[in-house]
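Values in this text are rule-based calculations from the coordinates and carry no lab data. The structure presented is a predicted model; accordingly, all values stated were derived computationally and were not measured. Here the Cβ positions follow ideal geometry from the backbone for every residue, glycine too, while neighbour counts run over all protein chains shown.
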Amino acid sequence: KVCIGLGEDRVITSDIIEKKIGISKNYNVFELREAMITKNALKAHQIAKYFDSNPKSGGLFALLPQTFSFFQNLMLCYYIPKPVTDNAIMAQLGMKSAWAVRDYVTAMKNFSARKTLQIIAKIREVDARSKGLDNVNTTPGDLLKELVTFIVS
């Protein structure tokens, strides 16, 4: 469809994809998760602001399940007998590849088990509020910013 819209002489670039489809390689749920895991507040808030301005790019409803799943798995990592190794994390989480292990190792350095439980509770609260429970008029963008702030602080 992009080729038809551009004609034969144009080359498809990431900028054209972003403009036509609304997907940015710099601002997606995976980049936001990484920014939160590394506690890069500036980048996390920039991405949250981008999501708020560009609803088709993802936003709160794309982020909640992925973030909940990550922190739920992170909580499981705290039950691994010491010393915690990459192979132990892979076994605990049923991973077949070690590519995502680094995110859990980084997160275990930046979040205690207690903070992880608090984050899971906050995700559940934001999810309920996004569906209208105890929330009269807070927008999904504001809920996303609130969640990001809670996680990176």
Legend entry - Net charge of Cβ neighbours under 12 Å - reference Thr139; Lys, Arg +1; Asp, Glu -1: -1
Legend entry - Rounded to whole Hz, the Karplus (6.51, -1.76, 1.60) HN-Hα couplings of the stretch 92-100, x for glycine and proline: 4, 9, x, 7, 9, 10, 8, 4, 8
Inset, instruction - Compute the semi-axes of the equivalent ellipsoid of the stretch 69-121, taking the square root of 5 times each eigenvalue of the Cα gyration tensor, and list them largest first in whole Å. - result: 17, 11, 10
Inset, instruction - Place +1 on the Cβ of every Lys and Arg and -1 on the Cβ of every Asp and Glu in the stretch 76-153, take the dipole about the Cα centre, and give the residue among Val152, Ala113, Ser130 whose Cα lies farthest towards its positive end. - result: Ala113
